[in-house]
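Note sheet for the following structure.
None of the figures in this text is laboratory data; all of them are computed from the coordinates on show. Fair warning: this is a prediction, and the values are worked out from it, not measured in the lab. Note that we place each Cβ from the backbone using ideal geometry, even for glycine, and neighbour counts take in every protein chain shown.
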Amino acid sequence: MPAVLKAPLVVEFPFTRSLGPVQSAFLTGLRERVVLGVRTGDGRTLVPPVEYDPVTAEELRDLGGLVEVAPTGTVTTWAWNPEPRRGQPLGTPFAWVLVRLDGADTALLHALDAPGPETVHTGMRVRVRWAEERTGAITDLACFEPYDGDPAAPTGHTGAFEDPVTGIVAPARLDYVYSPGRAQSGYINALSGRRTVGERCPSCRKVYVPPRGACPTCGVATSEQVEVGPRGTVTTYCIVNIKAKNLDIEVPYVYAHIALDGAGLALHGRIGGIPYDQVRMGLRVEPVWTEGGRYPDHYRPTGEPDAEYDTYKELL
Ligand SMILES: [Zn+2]
């Protein structure tokens with residue numbers, strides 16, 4: 001029984017979104033140290049504000065409109081967070097809290113800076129600690145902190161701003177340990193010997209590369225290992241004109257679906273060794289490995305005649 005493979009895997013990308021009028025006012029308010037909620041038709045104030053009433057689905061912007069609430073409030077529930085990680089609001093252990101701000105009917109999720117879990121309790125009074133540099137983001141509210149003074153008075157802000165924030169970039173990050181399982185482990189172990197191994201479905205005979213352990217069409221487990229390639233055929237491709245962050249590849253370049261000889265579906269890889277505008281469907285390619293690489297760095301033309309369309313059309 002081979003060793004179970006596992007490795008850390010981080011999926012990370014910036015997500016750019018536009019805000020719409022309600023979220024725009026809320027985040028612009030934070031930049032200006034004002035917390036805004038939205039009033040519903042039955043007189044409740046929702047903080048953070050939403051575009052539509054969660055009960056009646058009415059559009060709220062035109063009903064009660066935006067209303068300022070106080071930067072002080074009450075913890076309604078909490079959870080201690082002993083191990084802060086990248087992207088979380090405080091560098092030291094802290095509590096996640098739901099805070100109902102004075103003047104609001106709903107609670108806002110954020111971090112509470114507190115020395116230990118014994119100092120946190122439902123019902124405790126807190127206030128906003130503002131970030132020194134504010135850009136119109138939820139992190140403009142640095143955190144909450146314990147507070148035993150009177151409720152702060154709102155300034156009477158209307159929610160109208162000059163130069164409102166209209167969009168944000170929200171970094172998304174998934175950081176976890178991935179274990180590929182039996183079928184993909186066989187694939188990865190074969191790659192370490194520069195071989196590509198898929199699995200054949202016992203019912204439809206299709207060879208899956210990389211193997212998933214089962215045929216999604218027939219719904220049966222696959223176990224017969226089949227070596228494919230190393231050569232293959234470009235079945236379709238695209239020309240990449242946008243340079244990816246952290247990828248040292250000059251644009252434009254070609255990314256292609258490549259059906260390795262003997263495989264029942266295409267995998268994808270970069271095409272090199274040929275001008276990008278000469279890559280075509282049917283082009284015959286072979287993998288190029290770099291020293292220490294775990295998978296082919298790219299594929300290059302073999303110099304063979306192009307494959308006939310009929311030989312790969314089923315794989316498109
Ligand atoms: Zn099948």
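Look at the Cα gyration tensor of the range 102-161: its axes a ≥ b ≥ c give a/c of at least 1.5 with a/b at or below b/c, and that counts as oblate.
Which shape class applies to the range 231-316: rounded if a/c is under 1.5, otherwise prolate when a/b exceeds b/c and oblate if not, where a ≥ b ≥ c are the square roots of the Cα gyration tensor eigenvalues? Working shown, then result.
On the way: a/c = 1.80, a/b = 1.46, b/c = 1.24.
It comes out prolate by the Cα gyration axes.
Highest GNM mean-square fluctuation among ALA244, ALA104, ALA172, for the chain modelled with Cα contacts below 10 Å: ALA244. Take every DSSP beta bridge whose two residues both sit in the chain; close to 95 percent of them are antiparallel.
How large is the Kirkwood hydrodynamic radius of the chain, counting all unique pairs of alpha carbons, in Å?
Numbers: mean 1/r = 0.0409 Å⁻¹.
One decimal place: 24.4 Å for the Kirkwood radius.
Of interest is the spacing of the C-alpha centroids, which for the range 255-279 and the range 40-72 amounts to 53 Å. The ranking of CYS218, CYS204, CYS143 by Cβ neighbour count inside 10 Å, starting from the fewest, reads CYS204, CYS218, CYS143.
Taking Cα atoms only, the orientation of helix 181-191 departs from the longest principal axis of the chain by about 50 degrees.
Counting only C-alpha contacts under 8 Å and six or more residues apart, can you give the relative contact order of the range 14-172 as a whole percent? With pairs under 8 Å counted, the relative contact order is 30 percent.
With helices as the sole contributors, the chain gives -2500 deg cm²/dmol at 222 nm; each DSSP H run of n ≥ 4 counts as -39500 (n - 2.57), and the sum is divided by every residue. Restricting the range 66-137 to GluC sites (Glu not before Pro) that sit in a DSSP loop and have at most 14 other Cβ atoms within 10 Å of their own Cβ leaves GLU132, GLU133.
Each Lys or Arg adds one and each Asp or Glu subtracts one; over the other residues with Cβ under 9 Å from the Cβ of GLU224, this totals 0.
Across GLU291, GLU58, GLU304, mean-square fluctuation computed from a Gaussian network of the chain (C-alpha pairs under 10 Å connected) peaks at GLU291.
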